[in-house]
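Here the structure is laid out as structure tokens; the discussion comes afterwards.
The values are calculated or read from the model by the stated rules, or taken from the named source; none is laboratory data. Bear in mind that the values here come from a model prediction, so they are computed numbers and not experimental data. Neighbour counts are summed over all protein chains in view; Cβ atoms, including those assigned to glycine, are modelled from backbone coordinates with ideal geometry. Heavy atoms of the whole protein, side chains included, go into the accessibility calculation; ligands, DNA and RNA do not. Shrake-Rupley method; radii C 1.70, N 1.55, O 1.52, S 1.80 Å.
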Amino acid sequence: EKRSAEPKFISTNELNYFIKEQNSEKNRKLDIDGYKISSAKLALLATKTYLSNLVLSSCYFEDLSAFRVLNSINLKYLTVRRSNFDDIAAGEVAKFKQLKSLEATECPYLSSKGLKAIAENPSINSLEIGGPLIDDGALKYISSMPGLRMLTVKRCDKVSDQGISYLTGKKLTKLLLIG
């Protein structure tokens with residue numbers, strides 16, 4: 001039986017290599033996949049003020065409250081799919097005043113509580129969510145987001161027709177319900 005390797009912490013050298021290799025300063029984007037990320041590495045990313053698009057897929061975050069340091073770089077796009085992103089991290093990300101798009105799909109620790117905080121961010125216009133703790137209450141909070149135009153709800157088994165009904169009258173240009 002083959003077991004998947006435990007993700008390893010990303011080193012400063014590896015992180016700097018990704019930044020250089022992806023020409024992040026020019027592209028304004030950084031894509032990191034499958035690493036454990038310490039608070040110190042999130043702080044290092046926060047020094048890259050040119051970043052506007054950060055993709056942290058399949059990452060494990062050592063301290064989810066450390067997301068607060070990324071508020072200083074004015075991210076516009078954040079992807080944390082298949083990670084341990086949770087309500088604490090969502091509370092920190094909710095404070096990102098420039099954030100336009102958040103993808104938090106396949107996040108098993110994100111619940112209505114975290115989405116309540118996210119819903120208070122008026123700048124978000126695109127939201128992709130998914131996970132086993134997301135329920136009808138989450139969609140009730142999301143329905144109050146004034147700037148939301150695109151919503152994807154992916155594999156949220158606790159979302160029912162009642163939750164979808166909260167979106168009635170919401171001026172969405174795109175609504176995807178998957179699984």
With the requirement that a residue be open to solvent by 50 Å² or more (accessible area, probe 1.4 Å), in a loop (DSSP other than H, G, I, E, B) and among the basic types (Lys, Arg), what does segment 129-179 give you? 149, 155, 171
Those residues of segment 73-110 which are open to solvent by 30 Å² or more (accessible area, probe 1.4 Å), farther than 15 Å from residue 133 by Cβ and not charged (D, E, K, R), in sequence order: 74, 77, 98
Please state which one of 105, 79 is closer than 20 Å to residue 29 by Cβ, β-branched (Val, Ile, Thr) and touching a residue at least 40 places away in the same chain (Cβ under 8 Å). 105
How many residues does segment 7-33 hold that are open to solvent by less than 40 Å² (accessible area, probe 1.4 Å) and in a helix (DSSP H, G or I)? 3
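Return the residue satisfying two criteria in turn: it lies in segment 113-122 and is of a type outside the set (D, E, K, R) and open to solvent by 20 Å² or more (accessible area, probe 1.4 Å), and of such residues it is nearest to residue 92 (Cα to Cα).
117
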Hey, could you check segment 44-70 for residues that are more than 19 Å from residue 12 (Cβ to Cβ) and part of a loop (DSSP other than H, G, I, E, B) and say which is most open to solvent (accessible area, probe 1.4 Å)? 58
Criterion: surrounded by fewer than 19 Cβ atoms within 10 Å (Cβ to Cβ), at pLDDT 95 or above and not hydroxyl-bearing (Ser, Thr, Tyr) - qualifying residue of 36, 41: 36
Which number in (1) closer than 22 Å to residue 39 by Cβ; (2) of a type in the set (Lys, Arg); (3) not in a loop (DSSP other than H, G, I, E, B) marks the one condition that residue 116 misses? (1)
